[in-house]
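Derivation of every value follows stated rules applied to the coordinates shown; laboratory data play no part. As the structure is a computational prediction, the values presented were derived from the model and not from experiment. Neighbour counts are summed over all protein chains in view; Cβ atoms, including those assigned to glycine, are modelled from backbone coordinates with ideal geometry.
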Amino acid sequence: MKAIVLFSGGLDSTTCLAMALKEHGSKNVIALSLSYGQKHIKEQESARKIADYYGVELIEYDVKSVFNGSNCSLLEGNDKIPEGDYKSQIGVNNKPVSTYVPFRNGLFLSIATAMAISRGCKIIYYGIHKDDATGNAYPDCSHEFNAYMKKAINIGSGEQVDIIAPFVDKNKAEIVKVGLQLNVPYEMTWSCYNGGEKPCGKCGTCIDRLEAFRLNGKEDPLCKQ
């Protein structure tokens, strides 16, 4: 069975890719990387290296014009990316954090569905997890969002396509545990919202990543370089 993986080159999506490859094999997996106007190209560079490492087809699209006018701090030209964990960034009204890209997962899944139907793929994998949904930080990472999108995509594709979110009820430490078992090349991945030579260690995703490795009794390989 053929599958598409929404693939950023980060820790979560790379673990997702490894799971899809184990299940379906490299000849039946397509990695889809969508550029959305982020402030650096480190993610895209990582995606290309990892796709080459696994020997999978990588398709890249640029959809940044969709987000013109957004004040998301991840996007080029907008405010500085905040430091600190997500808990400290969530507002009193449970509004999304400033690094939330408007309905990004909804857009990405829609594009992946159209491609899946065109390419004869039956499954879309993506790496949302419960840490990102906590406190409504990223509402398009929630269990509820996934359930409704799963139903909508299945109906809208004429029951040709299903989505799999293997980590929707798992935290980042649990994702790392799975990835370590699959020998995921985490040294090739990039999670930091900043595009320096090394991860900043201060943004929300860096803090989550470091803690996830610590809880698994490991050091983030990017911190060793």
Cα-based Rg and Dmax for the chain, where Dmax is the largest Cα-Cα distance (Å): 16.5, 48
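Quick check on the stretch 1-48: what are the equivalent-ellipsoid semi-axes from the Cα gyration tensor, as sqrt(5λ), descending, whole Å? Before the final figure, lay out each step's value.
Working: eigenvalues 95, 20, 11 Å².
Whole-Å semi-axes of the equivalent ellipsoid: 22, 10, 7.
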Mean ellipticity per residue at 222 nm, deg cm²/dmol - from DSSP H runs of n ≥ 4 across the chain, formula -39500 (n - 2.57): -11500 deg cm²/dmol
Amide H contacts under 5 Å for ILE4, placed H, 5+ residues apart: ILE30, ILE123, ILE124, TYR125
The stretch 81-181: radius of gyration and largest Cα-Cα distance (Dmax), Å: 14.9, 45
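Which ordering of LYS122, LYS95 is given by a fewest-first count of other beta-carbon atoms within 10 Å? Please report the intermediate quantities before stating the final value.
Numbers: LYS122 16, LYS95 13.
Fewest-to-most ranking of LYS122, LYS95: LYS95, LYS122.
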Residue among LEU17, LEU215, LEU34 with the largest mean-square fluctuation in a Gaussian network model of the chain, springs linking Cα atoms under 10 Å: LEU215
Among LYS202, LYS27, LYS172: highest mean-square fluctuation, GNM of the chain, C-alpha pairs under 10 Å: LYS27
Dipole axis of the stretch 3-223 (+1 Lys, Arg; -1 Asp, Glu on Cβ), positive-most option in VAL176, ASN136, THR113: THR113
Selected from ILE175, ILE164, ILE117 as most flexible by GNM, with the chain as the system and alpha-carbon contacts under 10 Å: ILE117
VAL66, VAL97 arranged by Cβ crowding within 10 Å, fewest neighbours leading: VAL66, VAL97
From phi via Karplus (6.51, -1.76, 1.60), per-residue ³J(HN,Hα) for the stretch 55-61 in Hz, x at Gly/Pro: x, 10, 5, 10, 10, 10, 10
Burial ordering of SER142, SER35, fewest other beta-carbon atoms within 10 Å first: SER35, SER142
Other-chain or far-sequence residues with amide H under 5 Å of SER35's (modelled H): TYR61, ASP62, VAL63
Distant-in-sequence amide H partners of GLU57 (H built 1.01 Å from N, under 5 Å): ALA31
